[in-house]
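Below: the structure, in structure tokens.
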Amino acid sequence: MPEQPTHTFFNSRCAEYKTPFGAVPAGQTVTWRLTVPERLGYVDPHLVLTKDREDPVHYRMDFDGQTPGVNHFVFQLAPTTSGLYFYHFDLYTDFRKIYRTANGEGELTWVNGLDWQLTVYEPDFKTPDWIKDGTMYQIFPDRFYEGVPNKPLPFADRIYRPDKTGEPYFWPNEQSDGYLNMDYYGGDFAGIQQKLPYLEELGVTCIYLNPIFEAHANHRYNTANYLKADPLLGTNKDFAALCAEAKKHGIRIILDGVFSHTGSDSLYFNREGRYGPGGAYRDRNSPYRSWYDFDSGYVGGYRSWWGFETLPEVEEEDPSYGNFVCGKGGVIDTWLGLGASGFRLDVADELPDDFIEKIRAAVKAHGEDKLLIGEVWEDATTKEAFDHRRTYLRGHGLDATMNYPFRNAAVAFARGEDASAVGEQIMSICENYPKPALDCAMNFLSTHDTERGITAIAGEPANGRDRYWQSKRMIPGDRIDDALRRVLLAYAMLYTLPGVPCVYYGDEIGMRYLPLPTKEGGYFRTGSRTPMQWDNSANKGFSTAAADKLYLPVDDAADAPTVAAQQADPDSLWHTVQGVLNFRHSHRDLDSDAPFHVRFAPKAKGSYRPFAWERGKLICAVNPAREEAELPLKLEDGTRVLHVIGKAEVKGDELVLGAQSFAILG
């Protein structure tokens with residue numbers, strides 16, 4: 001059994017025991033220091049270092065002197081190749097070893113335990129500086145703003161619901177004959193362009209757009225033509241104009257790259273016959289035939305994404321497909337040439353590493369300032385797929401990933417999870433990720449694939465309930481104020497952690513997940529994709545089109561938030577989010593060079609415990625409880641409150657933080 005912790009043998013997160021902190025570039029020297037009490041008798045410590053999927057190597061540590069009752073040992077090594085390394089310590093006497101436990105601490109034990117992880121990345125790994133201290137804003141294009149109302153439908157099978165306040169079609173679903181994903185709101189490039197001053201005022205420096213390529217579903221993840229903008233959004237020329245105008249406002253635009261599958265209803269596959277007699281499905285001699293895997297063993301006769309026959313998977317390693325995406329005049333080249341500043345790769349963990357590396361080369365051919373982000377829901381350094389460890393976050397693939405681990409930690413904390421567990425989640429990512437990638441990690445509370453942040457924090461979990469239950473689900477009115485307060489704290493937390501703050505459209509005003517049945521790809525997504533609520537005019541200001549030109553209901557509750565109302569209220573969520581973003585932009589201690597360290601994360605019974613962390617010379621603290629909390633932070637003389645949400649006061653060397661409050665000290 002493990003010995004009770006009465007001595008710190010090692011801590012990977014403390015400079016006294018390991019330098020530098022976290023991941024390192026290949027060729028950089030790492031120093032490990034171990035302390036062993038003399039009472040344990042003779043020991044001969046070895047660092048046991050194992051490169052991923054290789055045999056362990058035992059390195060004898062050097063004796064480095066004594067302090068009263070304690071022997072010190074040290075070892076230095078500069079890993080020469082990138083990869084994942086795992087390590088523990090073997091005392092070489094009495095079968096005693098030191099393995100990792102919570103918070104990076106070492107534990108003396110006689111049985112096997114958990115290793116520490118050391119991520120080694122390519123020494124030439126660089127990521128764009130412009131994004132590191134900026135703010136992203138995610139837009140689901142069909143739902144943000146309709147700049148050109150009453151547009152004619154470009155295809156006859158697109159539907160606008162006349163009963164816009166009624167429940168959407170959600171049965172039959174996508175696997176049967178039905179209307180799923182065929183209804184549109186009409187958001188467009190012109191609408192985004194008209195709202196650029198609004199985004200600039202909020203503090204946005206980068207827009208991430210969900211798919212914009214021609215496709216025959218409102219989510220546009222079933223690409224029909226990679227080289228053409230969906231006509232309901234506008235033309236390629238309109239997109240170029242949007243990028244040019246955004247640049248004037250200090251805003252760049254990145255696009256969603258969906259390269260693991262196309263639509264069955266596409267120029268390339270053409271199962272539905274929309275694009276004439278050609279296409280891989282209809283013509284064995286089609287130039288696109290080699291892109292797909294046809295076999296009678298598959299349902300429908302071809303491999304499809306997660307069994308959805310409308311999403312035939314592509315062979316990413318097919319030379320023709322690779323050249324189409326990455327070659328001259330291809331998808332990447334075309335859209336970056338029109339003014340985009342990068343791509344977010346959909347389901348990046350389902351794309352082969354060598355394909356991602358080709359995409360990176362194509363993106364960076366337009367300049368090292370172009371950005372490549374991947375959708376990964378877990379720790380991207382330890383992700384496994386295709387029966388091997390993924391390498392895309394080591395310097396030759398992605399610049400960064402969507403930071404779902406941070407999102408999960410923030411939501412869990414706002415829901416009352418133990419602060420020490422939340423701190424461990426955050427520190428694990430900070431320790432494992434290469435710094436160039438962590439600096440660009442996308443920190444969000446909601447996306448198009450999740451419930452709205454306010455619902456995730458304060459709503460009743462869906463837990464797999466059916467669509468009919470979902471259609472009645474909503475946050476009770478008497479819990480909205482509490483929900484908004486906790487959302488505020490979650491945002492303040494996320495936006496002061498390492499990485500890049502990202503706002504999902506409407507979250508800045510607390511748009512709620514509407515009680516709508518899931519229809520857009522499942523996974524409870526529909527309620528997170530309703531139209532932006534600009535004001536209390538018709539259609540909440542989303543569009544001036546006639547009622548028969550829209551289909552899903554907007555939030556028509558009396559207390560439904562709108563941009564206009566919140567901009568007029570200095571105490572609103574909108575102003576609070578803007579205030580945190582402005583503070584971040586104006587203080588270098590919150591920029592990408594500011595180190596992160598957990599300062600106070602008590603492990604205690606009960607929920608809603610305070611949490612505090614350091615960024616550079618600043619201390620950030622949050623109290624999610626409904627009562628005041630005293631944080632024994634051992635503050636230095638002269639420490640004062642620089643920014644506060646709620647109430648905060650420095651008393652001696654402690655911080656007194658009001659109920660459901662957040663503060664930044666310096």
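The values are calculated or read from the model by the stated rules, or taken from the named source; none is laboratory data. Note that the structure is predicted; figures quoted are calculated from it, not measured. We place every Cβ from the backbone using ideal geometry, glycine too, and count neighbours over all the protein chains shown. Side chains are part of the model used for accessible areas, which takes the heavy atoms of the whole protein and leaves out ligands, DNA and RNA. Shrake-Rupley method; radii C 1.70, N 1.55, O 1.52, S 1.80 Å.
Ranked by the mean number of other Cβ atoms within 10 Å of their residues, highest first, the peptides 379-387, 342-350 come out as 342-350, 379-387. What is the helix-to-structure angle for 404-414, meaning the angle in degrees between its Cα long axis and the longest Cα principal axis of the chain, kept from 0 to 90 and rounded to the nearest 10? In the chain, helix 404-414 runs at an angle near 80 degrees to the longest axis.
Proximity of backbone amide H atoms, modeled 1.01 Å from N, is registered between T19 and T31 at under 5 Å, excluding neighbours fewer than 5 places apart on the same chain. Can you pick out the pairs among K247/K364; K228/K435; K126/K195; K18/K358 whose Cα atoms lie more than 25 Å from each other? Long pairs (Cα-Cα over 25 Å): K228/K435; K126/K195; K18/K358. Here the chain has 50 percent of its accessible surface on carbon and sulfur atoms, given a 1.4 Å probe and all protein chains in place. Protection proxy ranking of 496-504, 246-254, by the mean of other Cβ atoms within 10 Å over each peptide's residues and highest first, is 496-504, 246-254. The tail of the calculated P(r) for segment 59-122 beyond 13 Å holds 71 percent of all Cα-Cα pairs.
Let me test this: with uniform point scatterers at the alpha carbons of segment 406-514, what is the Debye-based log₁₀ I(q)/I(0) at q = 0.11, 0.21, 0.22 1/Å? With no solvent term, the Cα-only Debye profile gives -0.37, -1.15, -1.22. Kirkwood radius, segment 344-460, all distinct C-alpha pairs, inverse of mean reciprocal distance: 15.1 Å. Under 5 Å between amide hydrogens, built in the peptide plane, is the criterion, and for H261 it picks out V314 among residues at least 5 positions away or on other chains.
Give me the net charge for the shell around V325: Cβ to Cβ below 11 angstrom, other residues only, Lys and Arg +1, Asp and Glu -1. Charge balance near V325 sits at -2. Using alpha carbons only, how many degrees (0 to 90, rounded to 10) separate the axis of helix 480-494 from the longest principal axis of the chain? Taking Cα atoms only, the helix is inclined about 60 degrees.
For the chain, a simple Cβ point-charge model (Lys and Arg +1, Asp and Glu -1, everything else neutral) yields a dipole of about 660 debye relative to the Cα centre. Against the chain, whose longest principal axis comes from its Cα atoms, helix 573-586 is set at around 60 degrees. Per residue, segment 412-469 exposes an accessible area of 27 Å² to a 1.4 Å probe, with every protein chain left in place.
Once the chain from T29 to T382 is taken as fully extended at 0.36 nm per residue, the excess over their C-alpha distance is 124.9 nm. Computed log10 I(q)/I(0) for segment 1-154 at 0.15, 0.19 Å⁻¹: -0.81, -1.17, from the Debye equation with unit scatterers placed on every C-alpha and solvent omitted. Annotation: amide H-H contacts under 5 Å for R252 (H modelled 1.01 Å from N, sequence separation of 5 or more, or interchain): C206, I207.
Each listed q (0.07 Å⁻¹) maps to a log10 I(q)/I(0) for the chain from the Debye sum over equal C-alpha point scatterers, namely -0.50. Straight-line cross-link partners of K651 among the aspartates and glutamates, defined as a Cα under 16 Å from its Cα and at least 8 positions apart when in the same chain: E628, E630, E636, D637. The charge dipole of segment 259-346, taken about its Cα centre with unit charges on the Cβ of Lys, Arg, Asp and Glu (plus for the first two, minus for the last two), comes to roughly 280 debye. For G301, neighbours were defined as the other residues whose beta-carbon sits under 11 Å from its Cβ, and their charges (Lys and Arg +1, Asp and Glu -1) total -1. Dividing the helix sum by the residues of the chain, where each DSSP H run of 4 or more adds -39500 (n - 2.57), gives a mean residue ellipticity at 222 nm of -5500 deg cm²/dmol. Over the chain, Cα pairs under 8 Å with separation of 6+ residues give a relative contact order of 12 percent. Between the residues T135, L153, N112, the greatest Cα displacement towards the positive end of the dipole of segment 102-157, with unit charges on the Cβ of Lys, Arg, Asp and Glu, is found for L153. When you count the other C-beta atoms within 10 angstrom of each residue and take the mean per peptide, 364-372, 454-462, 214-222 line up highest first as 214-222, 454-462, 364-372. Under the convention that each Lys and Arg Cβ holds +1 and each Asp and Glu Cβ holds -1, the size of the dipole of segment 372-452 around its Cα centre is about 160 debye. The aspartates and glutamates whose alpha-carbon is closer than 12 Å to the alpha-carbon of K97, local same-chain residues fewer than 8 away aside, are E3, D44, E107, D115. Using a probe of 1.4 angstrom and keeping all protein chains present, the accessible surface of segment 34-141 works out to 45 square angstrom per residue.
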